[in-house]
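A short worksheet on the structure shown next.
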Amino acid sequence: MRLKLHAMLSGAARSLLILIMSGIFAISVSAQTMPGKPAVLKRIEPGLEDAVKWEWHVAPSEDKDWGFQSPSPTPTPPPPVTVLPQSENRPTLYEVHRGDALILIGKKFGMTVPQIKAFNGLKDDKIRVGQMLKIPTLAELSAMTPPVSKHKPAETRDPRLSPEPGIELDKLRLQIFLDREQFSAGPIVGEPGPSFTRILLLYQSTHEDAKDDASLGAKAQAVVANIFTHYKLKAEDFRFIAPPRAATVEARPTPVSAHTRPGKLPSHPPAIIAVPLTYKELTAASMLAYRTPWEFVAERFHCQESYLRTLNDKLPTMPGIGTEFRVPNVVPFEIEKAFDEPLQPQADPNKPVTAAVIGLSQLNIYQGGALIAVLPMSPARPGLHGRNSWTILDVIPRPRLATFQKERKEQTQKVGSPFATPSPEPTAPSSTAVLPSEQYLAAGPRNPVGILWINLAKSNSTEPLPYGLHGTSIPDQMKIEESIGGLRLTNWDIARAVRHLPFGTPLAWKQ
């Protein structure tokens, strides 16, 4: 496995890039050369078009509100069983017509493709219009046995499922390897972008056993012997998946988003029409759960939902209990275990932990001076940025969001300048508030701040700031959609980050 990484960048550019991304020093550079430059938020998360203008604060939720208590999903129906006709009213010959195929002819007469081929002496599946095929009687059909193959039939190679050996396979294995090492370039995708190369170079620069391409390849092969694994949906998974809801069928599908009502789309691969939930529907939900099993499995295995659909394009539109998915072989994000105690580790003075936000697009975590995790992040809205040093505080698992729908000030400020005063308890609304009492967005993996919130404070303070580190409801759109909150990571990354960050961890800002 050789990716010719050194050929991608000149030696000077490579060294500069590694220094910037590792947080060794900060430098002012243009958007074209700055790997930490945050992406421009081009649109707003569906359903929150007005909500992004209001003040919000985090509120805790109760354990009983986490997960549906009595899920009643519909198991995936078994494949249809071919029933032999009960009458001998069937022809002895059949003329092939335009549009026919052996599998269609077989269904017409209750036969398998191998039986048709054996009875007609066909060597392959090719047939032509006007060709006459012999049709066996029921007695002849029942006496037939499937032909014995001398060799195990080779699986049809689909490049989307099994990449050809070479550079594409190497990239996929390395994405999974880096994710397992907690050096993430983002969700697993079929074609990784420039951030993949940057994170790969950073990993090589900080690991002596992966300094060159050969040693990196050998290490990745040892850790990720199998690129794919399989996952079968269980009944308990549906505690976190919203029941299917009716949706209006549209002539043209819109991109799948976190807050959508699932509906069937007559296309291949199967898809869900994206009918965005309204703000009213979001606030009425008792839990902001995954909208479809596809969302659940994609997040569990750290991949883009579109890539998961490509890997599983023969699965039903709405998979049920027992449906088996082909998935990237990452360490899965088990939402059912996300809050197992202790969430935060105890501080170890012999191996102090520090963290840094690099250019508002990357969270670096160090232990004993060594870089141990690199996780992509994004501000929830434009204008958020910080400076100097902050402090990691405690964690709020299963967060809700609360608002009086009071308009926030429209101005760019440093993160930590209070747009709203956070409070664990409801506070009296000001004279400009719209609502007499607080309105909530329920807890759940599709809450805009995800599955947990890490409180932040300024250096030498324990007073939580209005903005924290948190998860997200839109892992695939995190870099392009504005939302509510502060500094967001994917749910699987915030779940990993919190277990590295003791209370009191210093958090530095580096541009």
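The values are calculated or read from the model by the stated rules, or taken from the named source; none is laboratory data. Source: prediction; values computed, not measured. Backbone-built Cβ (ideal geometry, glycine too); neighbour counts: all protein chains shown. All accessible areas refer to the heavy atoms of the entire protein, side chains included, with ligands and DNA or RNA removed. Shrake-Rupley method; radii C 1.70, N 1.55, O 1.52, S 1.80 Å.
Ranked by the mean number of other Cβ atoms within 10 Å of their residues, highest first, the peptides 469-482, 123-136, 321-334, 353-366 come out as 469-482, 353-366, 321-334, 123-136. With each label modelled as a point 7 angstrom along the Cα→C-beta vector, the Glu208-Ala222 pair spans 1.4 nm. Computing FRET efficiency as 1/(1 + (r/R0)^6) for Asn350 and Ser215, where r is the C-beta to C-beta distance and R0 is 35 Å, gives about 0.75. Shown here: the range 365-404, whose C-alpha atoms stretch 44, 26, 19 Å along the first, second and third principal axes, sorted largest to smallest. Using the Cβ-Cβ distance between Leu122 and Phe68 with R0 set to 56 Å, the FRET efficiency works out to roughly 0.60.
What is the sum of charges around Lys107, taking Lys and Arg as +1, Asp and Glu as -1, for the other residues whose C-beta is under 14 Å from the C-beta of Lys107?
Working: positive: Arg90, Lys108; negative: Asp100.
Spelling it out: positives minus negatives among the neighbours equals +1.
Taking amide H as placed 1.01 Å from N in the peptide plane, Phe183 has its amide H under 5 Å from the amide H of Val374, each at least 5 places away in sequence or on another chain. Taken one residue at a time, the phi angles of the range 53-65 give Karplus couplings (6.51, -1.76, 1.60, θ = phi - 60°) of 8, 9, 6, 9, 9, 7, 10, x, 10, 9, 4, 5, 8 Hz. Gly and Pro are set to x. Computing FRET efficiency as 1/(1 + (r/R0)^6) for Phe339 and Gln511, where r is the C-beta to C-beta distance and R0 is 35 Å, gives about 0.55. Scalar couplings 3J(HN,Hα) for the range 347-357, obtained by applying the Karplus form with A = 6.51, B = -1.76, C = 1.60 to θ = phi - 60°, are 5, 10, x, 7, 9, x, 9, 10, 9, 8, 9 Hz; x denotes Gly and Pro. Listed cross-link partners Lys232/Lys314; Lys53/Lys510; Lys232/Lys479; Lys53/Lys409 are compared with a 20 Å cut-off, the Cα-Cα value being larger for Lys53/Lys510; Lys232/Lys479. If the label point is 7 Å along Cα→Cβ of Asn388, which residues in the range 456-495 have backbone nitrogen under 12 Å from it? What the label zone holds, given the 12 Å backbone N cut-off, is 458-461. Accessible area ranking (1.4 Å probe, heavy atoms, ligands and nucleic acids excluded), largest first, for Lys314, Lys406: Lys314, Lys406.
Each peptide in 391-402, 288-299 was scored by the mean count of other Cβ atoms within 10 Å over its residues; highest first, the order is 288-299, 391-402.
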